[in-house]
Amino acid sequence: MEILQSCFHKTSPKPDNLSIYTAYFPFDQPSIMTRALHCIQPKLIVLLESELWPGLLGRCQEEKIKVLVVNGRMTEKSLSKYILWPTLWKSLRPEKILAMSEEDCHRFSTLFGEESVELMHNIKFDRLEPSNNQKESDNPLYSVIQPDAQFVVLGSVRKEEETEITHILNDITSRNSDMIIGLFPRHMHRLNFWKKHLSEKIIRWKLRSEVTAPVQGGCVILWDTMGELTAAYTLANAAFVGGSLAPVGGQNFLEPLTCGLRPVIGPHWSNFYWIGKEIIEQKLVLQVNSWQDVSQFLLGSSTDNSEREETRKDIMEYVHSRQGGTSKACNTIRSYLSA
């Protein structure tokens, strides 16, 4: 949808005969795909990231319908499975693949051949804008976290790293009785585990939904409400972004950066390699190897307003140099539609 909105902007209005709707993708059986293509009669099919369906690609070859992959990504694990049938996939090669990183270009080229693969910047870079400090009336957490509070965030914590997170909670609460910790599980079904676990570990905690007054130091706020992680990053002195202390690929660490906060992450962030390893080299994100390092960082960090503004400036310079992927995708789509 974002690509469609960008393709048809003020200087290129949406054609009157363009219809946009959503539907479930058909089961990838060749006969079903044939019926679907005859029903829809597409001039061009655009696949996002890694949606490679052999039934669809095969029928598109027979019907001479061009297929374009944009924002393409492929992990080494996926490539190792695809490459078991190299002749099959080469026969199903899309017309063009725009891959989001050099590594992805290499993997797609290994599978389909170099002639159909080009590099583009990830379209997610085009969506990023700095999150300025919210006014008190706008931030729902100003009534929960006092301006002078020592507040750190453990964001998007995954099940696979809960043991390490428990160590961090124990370490911080034992060494700094004034610190408030915001604990954000990545998946809400883990709340029951954390309620029981925190009580068993004798760690003082409250559910976010039950907080009606400013929280005192030495407490873990267990977040059971949606949509407040950005607001928490805005108020935090420091932040850890989860999914990175266990090999599950990491979670989005750009969000705290746009709030002016340089986060700490663990060694596992393969899902976000498209951002570029330079983000670590430029110290916009601190990568560490253990829960002890994460805890030490959170205990020792404090971010003032001047540092936040500098961080916002640095991350937006980093992002701006990597924008333009959406334009490249839209221009490629237009060129095929007008051919």
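Quick look at the numbers
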read-out	value
Listing of helices (runs of 4 or more DSSP H) fully contained in the range 199-290 that carry 1 or more residues being in contact with a strand residue (DSSP E or B) (Cβ under 7 Å, 6 or more places away or on another chain) and more than 26 Å from R175 (Cβ to Cβ)	278-281
Criterion (of a type in the set (A, V, I, L, M) and assigned to a loop (DSSP other than H, G, I, E, B)) met by exactly one of V144, V153	V144
Residue that is without any contact (Cβ under 8 Å) to a residue 40 or more places away in the chain and of a type outside the set (D, E, K, R), where the choices are G242, G276, G260, G250	G250
Test for L235: is it hydrophobic (A, V, I, L, M, F, W, C), closer than 24 Å to L141 by Cβ and either without any contact (Cβ under 8 Å) to a residue 60 or more places away in the chain or not assigned by TED's automatic domain parsing to the domain that holds G260 (or both)	no
Which listed residue, of T225, T258, T230, is among the polar types (S, T, N, Q) and crowded, with 20+ Cβ neighbours inside 10 Å	T258
From K96, K81, K90, residue being free of Cβ contacts under 8 Å to residues at least 12 places away in the same chain and either in contact with a Phe, Trp or Tyr (Cβ under 6 Å, 6 or more places away or on another chain) or among the charged types (D, E, K, R) (or both)	K81
Residue within the range 206-223 that is under 23 Å from V288 (Cα atoms) and in contact (Cβ under 8 Å) with a residue 60 or more places away in the chain present	no
Flag for Q287 being surrounded by fewer than 14 Cβ atoms within 10 Å (Cβ to Cβ), at pLDDT 95 or above, assigned by TED's automatic domain parsing to the domain that holds N237 and under 30 Å from M179 (Cβ atoms)	no
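One line per residue, one yes/no per condition, for (1) under 30 Å from S101 (Cα atoms); (2) touching an Asp or Glu at 6+ places or on another chain (Cβ under 6 Å); (3) modelled with pLDDT of 85 or more:
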{"site": "P13", "(1), (2), (3)": "no, no, no"}
{"site": "N17", "(1), (2), (3)": "no, no, no"}
{"site": "I20", "(1), (2), (3)": "yes, no, no"}
{"site": "A23", "(1), (2), (3)": "yes, no, yes"}
{"site": "A36", "(1), (2), (3)": "no, no, yes"}
{"site": "I40", "(1), (2), (3)": "no, no, yes"}
{"site": "I45", "(1), (2), (3)": "yes, no, yes"}
{"site": "L48", "(1), (2), (3)": "yes, no, yes"}
{"site": "P54", "(1), (2), (3)": "yes, no, yes"}
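Residues are listed down the side, and each one gets a yes or a no for (1) within 24 Å of R73 (Cα to Cα); (2) modelled with pLDDT under 95:
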site	(1), (2)
G243	yes, no
G249	yes, yes
L254	yes, yes
I265	yes, no
Q292	no, no
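The values are calculated or read from the model by the stated rules, or taken from the named source; none is laboratory data. Please read all numbers here as calculations on a predicted model, not as lab measurements. So basically every Cβ, Gly included, is an ideal-geometry build from the backbone, and we count neighbours across all protein chains shown.
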